[in-house]
Each structure stands twice: as structure tokens, then as C-alpha cells.
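Below is one structure, written out as C-alpha cells; the observations come after it.
Values in this text are rule-based calculations from the coordinates and carry no lab data. Here the structure is a predicted model, which is why all the values come from computation and not from measurement. Backbone-built Cβ (ideal geometry, glycine too); neighbour counts: all protein chains shown.
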Amino acid sequence: MRKLALLVMLFLIVVLAVPTFAAQNGGPGLSKHDRDLLAAAQAQNQSTTTLLLVAKPGRAVALATAVAGKGATIRYQDNQLGYIRVIAPVAQAESISKLPDLQALEVNELVPLPDPEPQGVVGIIPQTVPSAATPKDNPYMPIEDIGGASFMAAHPTWDGRDVRIGIVDSGVTLDNPSLQTTSTGLRKIIEWVTYTDPLTDGDPTWINMAPQVQGPTFTYNAVTYTAPGNTKYRIGLFNERVATLGGEVGSDVNRDGNPTGSNGIFPVLWDVSKDEVWVDTNQNNNFADDMTMKPYGVRYDVNYFGTDNPATAVAERMPFVVQVNKKDLYVNIGIVSGAHGSHVAGIAAGNELFGGDMSGMAPGAHIVSVRACLFTAGCTNAALIEGMIFAVKSKGVDVVNMSIGGLPSLNDGNTARAILYSRLIDDYDVQIFISAGNSGPGMNTIGDPSVATKVMSVGAYISDDTYLADYGAQLYEADNLHYFSSRGPREDGGFKPQVVASGAAISTIPMWQAQGCLAQVCPVGYALFNGTSMASPQAAGGAALLISAAQQAKVQHLPAQIRQAMNSTADYLTGRYQAYEQGNGLLNIPDAWLLLSAGKMPTVDISSSVPVNTVLSGFLATPGVGVGINDREGVEAGDNYTRTYTFLRTSGPAGAKDLQRGLGR
């Protein structure tokens with residue numbers, strides 16, 4: 001067996017010489033995965049591909065010029081972050097990957113949206129159904145697992161108020177009662193946008209509005225329409241029955257079951273000069289009796305497809321917003337692409353669940369909803385990057401949750417997304433929480449981009465009480481990790497995940513979907529989901545509590561301090577789980593606050609390097625060298641060997657100017 005392992009290792013060493021050669025010529029070169037994606041594009045006779053580029057610090061403009069010289073079209077550019085998205089000739093991808101101003105490159109691809117629905121049968125121990133009488137401390141939405149309920153009981157106003165949480169996901173539903181207002185009665189969802197690309201992503205909710213018409217009446221495609229006024233408009237058609245609008249939406253936005261003879265086309269009219277949009281929801285070809293809508297962030301306009309039947313529990317209508325893209329002449333019909341994002345939002349910031357005291361972690365917080373996911377094919381890397389940038393730079397969120405990721409072959413934190421997320425954290429005083437992934441229990445299964453160095457990667461914990469309440473069965477131990485929760489370390493030995501939080505909850509979903517509980521029947525608008533997708537928003541909501549408290553108490557709370565407080569006070573689960581599985585342990589928000597509020601907490605950045613010995617270690621940024629010890633090959637139990645660990649302090653306590661940052665909005 002040792003001979004076989006040795007042969008495999010020697011073979012891989014020969015292969016690993018390829019990216020090292022590319023790096024010597026300038027940029028990082030193409031990874032094997034990117035080469036595979038390009039080969040697939042060529043096999044489908046695609047002449048162009050979308051590349052996501054990260055420039056070396058201060059070199060974005062030079063990189064953009066060089067890329068344009070390779071025949072690429074720039075679709076998105078942020079010089080401060082050093083991010084550029086281009087549509088490039090497939091034949092030029094190799095050359096672009098070696099440009100000297102390039103730090104990282106990814107071929108844009110779809111990231112599967114996790115399936116959080118619990119599998120299995122109903123347990124044998126009957127449980128009480130949650131209701132308006134359920135207290136805030138409960139096992140269904142187990143915020144007390146990390147001290148959320150007791151923290152808010154001791155400090156009622158430190159409940160996330162005046163904090164903004166960005167949810168980059170499948171979109172947050174606009175019809176669930178628990179996602180309408182904050183604990184102080186303010187609007188819960190303060191922005192709602194779609195960040196897929198109308199030209200390249202195949203998103204059917206982006207409507208081409210190039211054709212022009214003139215009111216008060218006009219004919220388009222042999223149909224005569226009545227306009228809301230006598231002016232120039234642009235017109236397009238939204239087709240609910242296209243296959244790419246399938247998935248949970250089921251190609252049926254008005255929830256009428258698509259009866260034979262009915263029309264699935266909804267005409268859309270746009271007055272570009274006023275950013276006003278009309279959608280013919282009743283399909284009578286008369287825009288004059290339709291709601292005049294502006295983008296959601298302007299005045300919170302929400303309209304509906306279909307009409308609710310009050311005699312049924314499920315809402316037979318679907319809420320939507322509009323969004324305009326003047327550059328490409330498109331209008332977006334903003335609808336959620338599934339329940340995932342709504343469930344996540346309820347865990348982070350749901351208020352008055354079931355109409356009572358039960359809540360998510362930060363019921364006082366506002367939500368910025370960014371849809372980055374399609375309806376049948378997952379989420380694009382580009383949308384996950386640019387949606388994150390929008391939430392942070394344009395809407396000033398304090399915390400972002402993204403419960404989406406995947407398991408790449410080299411999860412070392414050096415992808416374009418991972419680098420950009422760390423830059424956002426440093427440059428904009430935001431903290432990002434990302435699910436660790438559901439690829440466990442094997443080691444080194446941690447997902448990207450939660451591997452980003454300064455992102456808080458969150459694994460999934462579950463207590464015996466929650467398991468009993470949600471699944472109707474019992475576990476042998478009080479404290480447990482979900483079997484599937486991804487484990488660390490990163491390929492380069494980086495410490496991931498940082499913490500764990502509750503990875504199962506009964507939370508909010510769209511009202512047009514059936515309830516989704518397992519061990520008991522919940523009302524419409526609620527479902528039981530499990531996974532690290534559920535753990536991450538609980539941690540993000542916990543950070544919102546700390547920020548809310550710090551803002552009101554005038555305590556400094558820079559992202560590095562939030563991370564240090566959370567990591568330093570987490571409760572380590574002793575006995576059955578090691579550090580590579582649980583990180584620092586189960587979050588403890590009350591203890592984190594005690595540390596954060598003790599005073600101006602200095603933070604220190606320390607870089608480290610040590611030899612790493614894995615099958616893939618030759619692919620690391622510095623081949624064979626990582627930030628933590630990770631020796632999976634070449635060493636057997638009982639062997640004695642030496643590893644020289646080098647530490648370099650890159651920054652010390654914050655200066656006088658920096659100490660003022662993070663004291664308030």
C-alpha cells in the first residue's frame with residue numbers, strides 16, 4: 001500500500017509543475033478546473049467565456065487595458081477592489097491568465113444552491129407544534145444555543161436594531177409576515193435587487209426592453225395595448241412558462257396551474273425618463289389599470305402576480321418588484337428563485353415568528369436582499385461577487401450572510417471570490433459569514449468561499465433538544481455536530497471553520513409554498529431546513545446583536561474585533577470533536593460581548609508559513625508551503641519529524657485614527 005501511495009505522489013509531482021511554470025511568466029495561469037471549463041465551452045462550440053479577474057493591488061486600470069487588448073469586453077469593473085469581469089475569446093483565456101498585473105482568475109460558473117430540506121421519516125416521539133405561545137428560547141429556532149435569547153432578555157434594545165444584514169442568496173420573500181417589520185416597527189427589507197447578468201446568465205426574469213412604442217395606444221407584435229399616458233415607452237414580454245423559470249417557481253408565477261388556453265405572457269412597459277414600470281398582471285393589454293412601479297429601493301413598491309384565495313392556507317399569488325438596467329435596456333421582474341434565501345433571512349433577523357415572541361437572532365435588524373441565484377441552475381460566481389459588492393458598497397451593510405459555496409479541489413482561499421471578500425472586509429468595515437459546506441465529515445472538506453482568510457466560516461451544530469423537537473427523535477449526546485458539516489483545514493493548513501452554530505431551524509419561507517416541517521405540521525410560511533446554510537445566518541445574526549450593542553454603548557467594533565471576540569469566547573466542544581471539525585467551538589454571544597465591551601481591543605495581523613505535504617500541495621500559491629501544518633502524505637502515525645513554522649507580525653494595535661473607526665454609522 002505504501003508503494004502505491006508513493007507512486008501516486010510521484011506522478012502528481014510531475015503534473016504540479018504546470019501551474020508553477022505559468023506563474024513564472026506573470027499571472028497565476030489557469031487551474032486544471034478552469035481548463036476543464038474552457039474545454040467544455042469549446043466542446044459546445046462557444047467562442048467566448050466569462051472570466052472573473054482580480055488585479056494585484058493598485059493595478060486594476062493597467063489590467064483592464066491589457067485585457068481589452070486581448071479582445072475582451074469588460075462587463076464590470078471596480079478599480080478600488082481590483083475586480084474586473086470580462087467576456088473574452090476562449091482562445092485568449094490562457095494568455096490573459098498570465099498577464100503580470102493579474103493576481104487571481106476564475107472562469108465564471110454555476111455554484112449549486114444547497115438542498116437544505118431534511119431527509120428521512122418522521123420520528124416516533126410526537127412533539128408540540130410551535131405557535132404564537134412559543135417563547136423566544138425554544139428548540140425550533142434555537143437562538144439560545146449561542147446565547148441569543150438570554151442576551152436580548154438582558155438587553156432588550158440590543159436586538160440588532162439600526163444594523164443592516166445583507167442576504168446574498170436566492171432572494172428574500174416579500175410576503176411573509178415575520179419579514180415585514182423590525183422589532184421597532186420599521187420596514188424589515190430595505191432593498192431588493194437581482195444581480196444576475198441580463199446578457200450572459202440566461203435569467204428569464206431579465207426582460208429585453210429594446211423595442212420602442214408611443215402612447216396612448218399602440219400595437220406591438222400584432223396586439224393593441226392601452227398605455228398609461230401619451231409618451232414614449234419601451235416594451236418587452238415576460239414569459240412565465242419558460243423552462244428556466246422552473247424549480248420551486250414551477251414556471252407559474254400567478255399560481256393558476258397554467259390551465260389549458262390561458263396566457264403565460266405578461267407585457268412590461270417602461271418609461272425610461274422616469275424609471276417607471278408597468279406590468280400587465282391581469283393580462284388585459286391595458287397598462288392604465290396597472291400599478292406604476294419604481295425600483296424597490298426608491299419607494300418600496302411591491303406588486304403581485306395572481307390573486308390570493310383567502311379560503312386556502314397557501315397564498316395563490318407571488319410578490320414581485322422591478323429593477324431597471326439602462327445600460328443594456330433591460331427590466332428585471334424581481335421574484336425569489338426559491339425558499340432558501342427566505343429561510344436564511346428568518347434565522348438571521350426574523351421578527352415575531354408564528355405571530356409571537358419567537359424570533360430569529362436579530363429581530364431588530366434590517367435586511368438587504370440580493371438575489372444571485374437562478375431558478376433551475378444554481379448561482380453564478382459573478383453574481384455572488386457583484387451582489388456582495390453592491391450590498392457592502394452601495395447599501396452600507398454591517399454584516400453579510402452567504403449560505404452558498406462548493407468544494408473545489410484546492411480549497412486554499414486563493415480564488416478570486418475569496419480574495420475579493422477579504423478585501424471587502426478590510427476596506428469597508430463589514431464582516432462576512434459564509435456556510436462551511438455540507439461535504440463532511442471528512443477532513444479538508446471545507447467549502448469555498450468560506451475558506452477566504454477573513455471570512456467567518458461556520459459549521460453546523462445541533463443539540464439533542466433541537467433534534468427531538470424538529471425530527472421527533474433523540475441523540476445520545478447533548479452537543480453534536482451535524483454529520484455532513486464540512487471539516488477543515490484548508491489545503492494550505494489554514495484554520496477553518498472558525499466556529500459552529502445551530503444548523504437546523506424552523507424558519508420563514510414564501511407564503512405561496514406549502515409548509516415544510518417534518519416531525520410536526522407547521523403553518524404555511526414555515527419550513528424545517530438543516531445544513532451549514534442555517535448555521536451561518538445564526539452566526540451573522542449574532543454579529544448583528546454585538547454591533548447593535550456596540551453602537552448603543554459606544555464601543556469600538558471593527559470587523560477584526562468582532563472576529564476576535566467571537567473566536568476567543570466560543571465554547572469548545574470537548575471530547576468527541578477536534579479543532580479541525582469545530583474550529584474554536586460553539587458561538588457564545590454573551591461572552592463575546594463581555595470581551596468586546598471590555599475596552600478598545602487591539603488586534604494583530606500575523607502571517608505564517610510552514611511546509612505542507614499533501615497530494616495537492618504543489619498547487620498552492622507557494623508550492624509546498626502553507627499557513628498551517630497539513631501533512632496528509634509522507635507521514636505515518638508514530639513518525640518523528642520536524643516542521644519549521646515562521647510567523648511574521650504584519651500589523652500591530654490600531655493607531656489613533658483607526659481606533660475611531662467602527663464607533664457608529
3J(HN,Hα) from dihedral phi, segment 612-627, Karplus parametrisation 6.51/-1.76/1.60, rounded to Hz, x for glycine, proline: 10, 10, 9, 4, 9, 5, x, 8, 5, 3, 10, x, x, 10, x, 9
Note, ³J(HN,Hα) from phi for segment 398-411, Karplus 6.51, -1.76, 1.60, rounded to Hz, x at Gly and Pro: 8, 9, 10, 10, 9, 9, 9, x, x, 10, x, 5, 10, 8
Straight-distance crosslink candidates among aspartates and glutamates, where the alpha carbon sits under 14 Å from residue 395 and sequence neighbours closer than 8 are dropped: 162, 191, 386, 429
Global geometry of segment 528-615, whether rounded, prolate or oblate, following the gyration tensor of its Cα atoms and the 1.5 cut on a/c: oblate
Longest exposed-site-free window of the chain, the sites being chymotrypsin sites (Phe, Trp or Tyr not before Pro) in a DSSP loop that have at most 15 other C-beta atoms within 10 Å: 1-299
Distant-in-sequence amide H partners of residue 111 (H built 1.01 Å from N, under 5 Å): 379, 380, 381
Cα centroid separation, segment 258-286 to segment 462-521 (Å): 42 Å
For the chain, Kirkwood radius (reciprocal of mean inverse C-alpha pair distance, Å): 26.0 Å
Long pairs among 70/326; 136/188; 32/393; 326/393, criterion Cα-Cα beyond 30 Å: 32/393
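Grab the DSSP H runs of the chain that are 4 residues or longer, score each as -39,500 (n - 2.57), total them, divide by all residues and round the 222 nm result to the nearest 500 deg cm²/dmol. Numbers along the way, then the final one.
Values: 14 runs with 145 residues, N = 665.
When only DSSP H runs of four or more count, the value is -6500 deg cm²/dmol.
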Amide H partners (placed H, <5 Å) of residue 439, local residues excluded: 486
Interchain or long-range residues, amide H under 5 Å from residue 361's placed H: 348, 349, 350
Relative contact order (percent, whole number), the chain, Cα cutoff 8 Å, 6+ residue spacing: 15 percent
Sequence-distant lysines (8 or more away, or on other chains) whose Cα lies within less than 21 Å of residue 600: 454, 554, 657
Karplus-derived 3J(HN,Hα), 6.51/-1.76/1.60, for each residue of segment 529-537, Hz, glycine and proline x: 10, 9, x, 5, 4, 8, 6, 4, x
